[in-house]
Amino acid sequence: MENEKDGKFLRGLFCGVALTLACMACSLGWTRWRLEHRSTSNSSNTETETDVQETELFLDNWDIYRKTKEIQYLINEGYTGQIDSQYAVDSMYRGLVAGLEDPYSEYYSAEDMKLMEETTSGTYSGIGVTLSQDPDTGEITVISCFEDTPATDAGILPGDVITGYKGELLGDMSLTELVNTIKTDENETIDLTIERNGEKREVTVVRSEIKIPTVSEKMLEEKIGYIRILEFDTVTVDQFQEALDHLEDQGQEKLIVDVRDNPGGGLQVVCDILDKLLPEGLIVYTEDKQGERTEYYSDEEHKFEKPLVVLVNENSASAAEIFAGAVKDYGLGTLVGVTTFGKGIVQRIYNLSDGTGMKLTIANYYTPKGEFIHNKGIEPDVREEMDEKVKNMVSIPEKQDNQLQKGIEILKNME
């Protein structure tokens, strides 16, 4: 009797396992059929409509699993070097996002995410420079240097191109990778190769704690206030308000806001600052992949009603262009300088479930009048090229800053 029960149990177990495997096979087969069907459909559309591009990412998860297992086996069987499994996995995910061929979308390891939070909080460990990467060539350039920092002590200047790290060429290293490598190097001494006026030189920089001076202010001649915004970080809103209040307490009658060499920052941050200047109305709006429009408004509580000049240059990008574009569209002030960078797209940082993250381009933004400035930039009202003799100085003396002097001249002629 017991043998008979055991036999029934084993037959039932076998049937259950067989049924489960059959269901899994059917499910995988159905998934693969759908993917292949979509792929075939996409190929067919491509052949008949050559101007149509894919707008969704399709991954054959079964094929990816099979191939990664195969690669893993070969590495473990034959590779003779040291292996950092976590770095290899992060590189795999980083490559997936890089496959979008969008220079503004990136995958972040858990360590990258932590470093990013530190940077936007106002204090970080680094060398004290603002860097920019050309989206076409990948070239990484020093846009500005903070005074009294390791970078200026080492002789690094704005305009220097960073070509190497620890004697090795940067290759395809992204801006984020370089910045995070500098911040996390096990040694406090950082060796960089820079190129200046066609000549390469080696510089040694000692990393230290950097306090980000996102806003600075001073009173110029004839009660003209001056505020410089270096980045639009989480600390910038309060710093801007404090600077504006301080100048008002000193009796400012006119104002210059300097967003030259400002690479951008948070969309909500720049909107909060513009809300302190603009009349009630639209600040900027975005449109996402589905055409959904999101609008950002200023209220009627604050409005700057004194003569205003905004200084811009070719490195004023993203949030700095939102600032300049809103001021120009409302006629609130005069833009002085040269055409801005031309970054009219919005990125969002997503926190993934395992502590990693991803920055993804998710929308286009438009000025209040509906201008899409991507790859075009914003034209100044008064064009003024920076004098070549002072262009690469860390700190340009006020009297030698011809763009600033043009702004002062314009304000002096305003009532």
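Every number here is computed from the coordinates shown, using simple stated rules; none is lab data. For clarity, every value in this text was computed on a predicted model and none was experimentally measured. Cβ coordinates were reconstructed from backbone atoms using ideal geometry, including for glycine residues, and neighbour counts include every protein chain displayed.
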Binned at 10 Å starting from 0, the alpha-carbon pair-distance distribution of region 72-122 in whole percents comes out as 21, 36, 30, 11, 2
For region 212-412, using Cα atoms only, the Rg and Dmax in Å read 16.8, 56
Hey, what number do you get for the chain at 222 nm if only DSSP H runs of n ≥ 4 count, each worth -39500 (n - 2.57), divided across all residues, to the nearest 500?
-11500 deg cm²/dmol
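Once you've got the Cα coordinates, tell me which of Lys254/Lys376; Lys69/Lys166; Lys223/Lys369; Lys223/Lys391; Lys276/Lys306 are over 24 Å apart.
With Cα atoms farther than 24 Å apart: Lys254/Lys376; Lys69/Lys166; Lys223/Lys369; Lys223/Lys391.
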Between Ala98 and Lys399, what is the label-to-label distance in nm when each label sits 7 Å out along the Cα-to-Cβ direction?
5.1 nm
Here the gain from full extension of Ser125 to Lys369, 0.36 nm per residue of separation minus their alpha-carbon distance, amounts to 83.8 nm
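Given contacts defined as C-alpha pairs under 8 Å and at least six residues apart, what's the relative contact order of region 180-265, whole-number percent?
Dividing the mean separation by the residue count of region 180-265 yields 24 percent.
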Along the positive direction of the dipole of the chain (beta-carbon charges: Lys, Arg +1; Asp, Glu -1; about the Cα centre), which of Tyr93, Leu157, Gly225 reaches farthest?
Tyr93
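For Thr181 and Asn392, compute 0.36 nm times the residue count separating them, minus their Cα-Cα distance, and round to one decimal in nm.
73.4 nm
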Net charge near Lys369, counting Lys/Arg +1 and Asp/Glu -1 over other residues with Cβ under 10 Å of its Cβ?
-1
Which of the aspartates and glutamates could a cross-linker bridge to Lys67, judged by Cα under 16 Å and excluding same-chain residues fewer than eight apart?
Glu77
Please compute the contact order of region 212-412 in relative form: average sequence separation of alpha-carbon pairs under 8 Å and at least six residues apart, divided by the residue count, as a percent.
18 percent
Mind ranking 336-349, 397-410 by how tightly packed they are, going by the mean number of other C-beta atoms within 10 angstrom, highest first?
336-349, 397-410
The base-10 log of I(q)/I(0) that the Debye equation returns for the chain at q = 0.10, 0.13, 0.14 Å⁻¹, one scatterer per C-alpha, is -0.81, -1.21, -1.35
Please rank Arg260, Arg201, fewest neighbouring Cβ atoms within 10 Å first, as an exposure proxy.
Arg201, Arg260
If you stretched the chain out fully between Leu59 and Asp191, how much longer would it get, using 0.36 nm times the residue separation minus the C-alpha to C-alpha distance?
43.5 nm
Order of Ser85, Ser216, Ser353 from fewest to most other C-beta atoms within 10 Å?
Ser353, Ser85, Ser216
When a footprinting reagent is the concern and you count Cβ atoms within 10 Å, what order do Cys145, Cys271 take, fewest first?
Cys271, Cys145
Efficiency of FRET between Glu301 and Ile349 - r from beta-carbon atoms, R0 25 angstrom, step 0.05:
0.25
Helix 402-412 sits at what angle to the longest principal axis of the chain, using alpha carbons and giving 0 to 90 degrees rounded to 10?
60 degrees
